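Step one of this worksheet: look at the structure below.
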Amino acid sequence: MTDFMDAFAAALHLILGGDPELVAIVLRSLAISLSATALAGLVGLPFGALVAVSRFPGRSAVVIVLNALMGLPPVVVGLVVYLLLSRAGPLGSLGLLFTPAAMVIAQACLITPIIAALARQTVEDLHANYDELFRSLRVGRLRAVATLLWDGRLSLATALLAGFGRASAEVGAVIIVGGNIDKVTRVMTTAIALETSRGDLALALGLGLIVLCLSLAINAGALALGQAARRGAGAAS
């Protein structure tokens, strides 16, 4: 118990004292996860919305696959991205393996299905209310997608937060494609694993506390956005 309290006190000292190594790891983690979330949002939001407003053969299968991909194992994603970016892979000439760019790609691949599936459900619910109006005005599919994405922006922001939360807490894929290289690809989750194995519990616990606070902030933000979206829907009705 004394060892834990000592480690906890040392972790707080690192956080409050702005330890340079800890700050660098946190900033690197945020930069990679935010970039991955932005990339996944650019792909997942319009794709999910397009599936929501479209009716085509095999749509149910697409929805099932999209929902199933929400539970993609991170290590499998990391392995596939590793094979694509390795020297023997089709994208090996880009030299992205063991770089932050590779970690962004891996995280984006992991969270794009999450964002797309949540966007599809949100837009589909909105489309049920707008469908008759769109038909009467002869609104095209792409314009309908843009309108619904804008109208559901608060709810869709929750989907982005969910994706960011998954990305920032992920360890399997990023350690495979990033290599956990000091001052290059070491992020909070991979640093926690490494420092725990080394016995440096202060740094590991400090990073763990930051990850926990980040998770709480994301959930609080999602709750606030959800309440704002419900208030907006109530005012509109």
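Screening S215 on (1) buried (at least 17 other Cβ atoms within 10 Å of the Cβ); (2) among the hydroxyl-bearing types (S, T, Y); (3) under 17 Å from the mean Cα position of the chain (by Cα) shows it passes everything except condition (1).
In segment 82-98, the residues that are over 20 Å from N180 (Cα atoms) form Cβ pairs under 6 Å with partners that are assigned to a helix (DSSP H, G or I) and of a type in the set (A, V, I, L, M, F, W, C), at six or more places apart or across chains, as follows: G89/L83; L91/L84; L91/L85. When M103 is tested against the conditions (1) surrounded by 22 or more Cβ atoms within 10 Å (Cβ to Cβ); (2) modelled with pLDDT under 90; (3) assigned to a helix (DSSP H, G or I), the lone failure is (2). Only one of the numbered conditions (1) surrounded by 22 or more Cβ atoms within 10 Å (Cβ to Cβ); (2) of a type in the set (A, V, I, L, M, F, W, C); (3) part of a loop (DSSP other than H, G, I, E, B) is not met by V139, and that is (1).
In segment 170-193, the residue that is surrounded by the fewest Cβ atoms within 10 Å (Cβ to Cβ) out of those that are out of contact with any helix residue (DSSP H, G or I) (no Cβ under 8 Å at 6 or more places or on another chain) and either aliphatic (A, V, I, L, M) or in contact (Cβ under 8 Å) with a residue 60 or more places away in the chain (or both) is I181. For segment 29-59, a residue qualifies if it is hydroxyl-bearing (S, T, Y) and modelled with pLDDT under 90, and exactly one does: S54.
The values are calculated or read from the model by the stated rules, or taken from the named source; none is laboratory data. Since this is a predicted model, take the numbers as computed values, not measurements. Cβ: placed from backbone, ideal geometry, glycine included. Neighbour counts: every protein chain shown.
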